[in-house]
Each structure stands twice: as structure tokens, then as C-alpha cells.
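Some notes on the structure that comes next.
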Amino acid sequence: MNFADEFAKLQDYRQAEVERLEAKVVEPLKTYGTIVKMKRDDLKATLTARNREAKQLTQLERTRQ
């Protein structure tokens with residue numbers, strides 16, 4: 001009976017340790033994923049704008065010639 005109680009306490013302690021570790025590691029990684037997604041979208045928009053501008057400059061050069 002005492003062994004079972006001590007074993008249950010040990011399991012509770014380990015579970016609490018796992019939850020603390022998840023809070024320290026998993027949660028920041030979730031925010032990192034969101035940040036990466038936003039930056040990827042920003043990069044895509046920037047590249048699209050740059051390509052559009054390059055096409056416009058090419059057209060302008062053609063028109064000049």
C-alpha cells in the first residue's frame with residue numbers, strides 16, 4: 001500500500017515536470033511558428049512587389065526604345 005502511494009506521488013511529480021517542460025519549450029515554439037509564417041508571408045509580398053516593379057521597368061525600357 002505504501003509502495004503504491006509513493007509510486008503515485010512519483011508519477012504525479014513526473015507529470016508536473018513534463019507539464020513545466022512543455023510550458024517552457026512547446027509554447028515558445030508555437031509562437032515561433034506563427035512568427036515564421038508571418039515573416040514568410042512578408043517575404044512573399046516583398047518578392048512579388050519587386051518582381052512587379054522589375055516587369056514595369058522592363059516595359060518602360062521597351063517603350064523608350
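Does at least one position in region 32-40 carry a residue that is surrounded by 10 or more Cβ atoms within 10 Å (Cβ to Cβ) and over 19 Å from the mean Cα position of the chain (by Cα)?
no
In region 41-53, what residues are open to solvent by less than 90 Å² (accessible area, probe 1.4 Å) and of a type in the set (A, V, I, L, M)?
Scanning region 41-53 gives 45, 47, 49.
The values are calculated or read from the model by the stated rules, or taken from the named source; none is laboratory data. Values in this document were obtained by computation on a predicted structure and should not be read as measured data. Note: ideal-geometry Cβ built from the backbone for every residue, glycine included; neighbour counts use all protein chains shown. Side chains included, ligands, DNA and RNA excluded: accessible areas come from the protein's heavy atoms. Shrake-Rupley method; radii C 1.70, N 1.55, O 1.52, S 1.80 Å.
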